[in-house]
Amino acid sequence: MDATTSGTPTIQYHNIPHQSGTAIAAASVPTFPRQVRHCFGDSSPGEFPLAANPSIVLHVLTACNLDPRDLAKLEATCSFFRRPANFTPDYELSISELAALDICKKRAIFKPMTDEECQNLKRKCGGSWKLALRFLLAGEACCRREKSQAIAGPGHSIAVTSTGVVYSFGSNTSGQLGHGTMEEEWRPQQIRLSLQGIRIIQAAAGAGRTMLVSDAGRVYAFGKDSFGEAEFGVQGTKLVATPQLIESLKDIFVVQTAIGNFFTAVLSREGRVYTFSWGKDRKLGHQTEPNDVEPQPLLGALEDVPVVQIAAGYCYLLCLACQPSGMSVYSVGCGLGGKLGHGSRTDEKHPRLIEQYRLLNLQPMVVAAGAWHAAVVARDGRVCTWGWGRYGCLGHGNEECESVPKVVEALSKVKAVHVATGDYTTFVLSEDGDVYSFGCGESASLGHNTAAEGQGNRHANVLSPELVKSLKQVKEKVVQISLTNSIHWNAHTFALTESGKLYAFGAGDKGQLGVELMNNQTERINPERIDIDLE
């Protein structure tokens, strides 16, 4: 009932005492009138008038960390929550808007922002603190910012603890482990050089290079000195073996980075996307030379639309955007195989909205870009895949390509919360922690013990989603899956549990599993725990 409703109607309340074996006739049960309380109240004894206690209401809303949608529902159903609250810092803001602002102030990314930067973020998100809060929460949910994470890179691996400490192991031919040497590491080693006193919140691994993002928005890179391999294989000649601050990004507060084969992309806390390299002929929305090391903002449709997550494939980029009308996905780059999701195989020089989600009545919440195919998890738990379908990596029971997102019907009874894609492989994580995988079975990276007869270490491909039974043996809820996203390396996979335990399986010939293989082994079929706790 709205706060402006008058009158105090009564309802019948039956006070039924404890019955000790004897039935009590309904006629003997007394009834008492019970007043229906309203938001504004009156002088009735025991009344709690919200209008007279707005500070208490604000404290409760903030302390409960309500979802932006819940705050919006309060405004829609009760005029008390729509009226100006007459509180600082803005006397015109409603109670629900002030609660959203207070919750925003708790977010790590929001805390260091100036008043002007906060107002710009609010404007860009649609002019509401509730929308700004939705933007911040969406980014934390899909990227695991401020949480532990593991990255299964091409031949090497990165693990970030919840306190921001970074470990690396595996191949180190370009110094991509960051330890100051070029020697392989078969056990996780903490990166200490250049990172003393720096808290890392996100990491990305590419072929021979690694990038780290700190809670202060700074980006550190090591390995190959090029941000992306140019179109004709031109690479940087300098190898960097310790984390080095990227000076060209010092004026941009970065919250996420993604490494493709031809380019690198970064996302600012305001939701702006920048890319390095591969800008010739405006292939990624700006016209630069292939080896340009200055960050260039994406032009076109995303210039004033806040992005919460970026995902880089071999030669294309996906952007998950947060708009007042809802979440949406944009794609840009090479369209070969239909992996841009627009129903064609043409390239896109500027970010273009994928229209299919509106037709499917689907709200994308997490996006993943494999080397040649892509996937999305929706708010309702549905999973969509599209692009090259080789080896069954789309999960539709065949190897056909799909040029627009298509719902994976075999997962119709699974509520997904996370998806990860690699080189023709896909993993889906359900709400209850179950893990499903499908696609290329090479290197045992799918987690299924399906070795093809007479083929040694070659494993059968999986055309439809199958439960990864080996991870059920872990007996802990899995919260993150990461797998190798490169065509140049045999793949390996990480499974991170709720308590911070990390399990690995797949190819391990360079030490990328964090365990030393014995007896000429090159891979591990069953998940094995790595000696490191990330929580």
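For the stretch 351-390, the tally of residues that are under 18 Å from residue 308 (Cα atoms) and either among the charged types (D, E, K, R) or touching a residue at least 60 places away in the same chain (Cβ under 8 Å) (or both) stands at 8. Of the strands (runs of 3 or more DSSP E) entirely within the stretch 116-230, those holding at least 2 residues that are out of contact with any strand residue (DSSP E or B) (no Cβ under 6 Å at 6 or more places or on another chain), open to solvent by 10 Å² or more (accessible area, probe 1.4 Å) and farther than 29 Å from residue 72 by Cβ occupy 185-190. In the stretch 129-147, the residues that are free of Cβ contacts under 8 Å to residues at least 24 places away in the same chain form Cβ pairs under 9 Å with partners that are part of a helix (DSSP H, G or I) and open to solvent by 20 Å² or more (accessible area, probe 1.4 Å), at six or more places apart or across chains, as follows: 147/140. For the stretch 68-90, the tally of residues that are open to solvent by 90 Å² or more (accessible area, probe 1.4 Å) and not in a helix (DSSP H, G or I) stands at 5.
Being of a type in the set (S, T, N, Q), open to solvent by less than 50 Å² (accessible area, probe 1.4 Å) and over 14 Å from residue 161 (Cα atoms) is a description that applies to residue 512. Within the stretch 323-343, the set of residues being among the polar types (S, T, N, Q), open to solvent by 10 Å² or more (accessible area, probe 1.4 Å) and not in a loop (DSSP other than H, G, I, E, B) comprises 323, 328.
Using the structure shown, decide if residue 320 is in a strand (DSSP E or B) and within 25 Å of residue 411 (Cα to Cα). So residue 320 fits the description; yes. Annotation note: of 466, 476, the sole residue that is free of Cβ contacts under 8 Å to residues at least 60 places away in the same chain and within 17 Å of residue 392 (Cβ to Cβ) is 466.
State which residue is modelled with the lowest pLDDT when the search covers only the stretch 247-276 and only residues that are of a type outside the set (A, V, I, L, M, F, W, C) and farther than 19 Å from residue 303 by Cα. Looking at residues that are of a type outside the set (A, V, I, L, M, F, W, C) and farther than 19 Å from residue 303 by Cα, I get 261. Residue check: is residue 203 among the aliphatic types (A, V, I, L, M) and at pLDDT below 95? Taking the combined requirement at face value, the residue does not satisfy it. Exactly one of (1) touching a Pro at 6+ places or on another chain (Cβ under 9 Å); (2) on the phi < 0 side of the Ramachandran plot is unmet by residue 78. Its number? The single condition residue 78 does not satisfy is (1).
The values are calculated or read from the model by the stated rules, or taken from the named source; none is laboratory data. Source: prediction; values computed, not measured. A quick note on method: Cβ atoms are made from the backbone with ideal geometry, for glycine too, and the neighbour counts reach across all protein chains shown. Ligands, DNA and RNA are stripped out before the accessible areas are found, and what is left, the full protein with its side chains, is counted by its heavy atoms. Shrake-Rupley method; radii C 1.70, N 1.55, O 1.52, S 1.80 Å.
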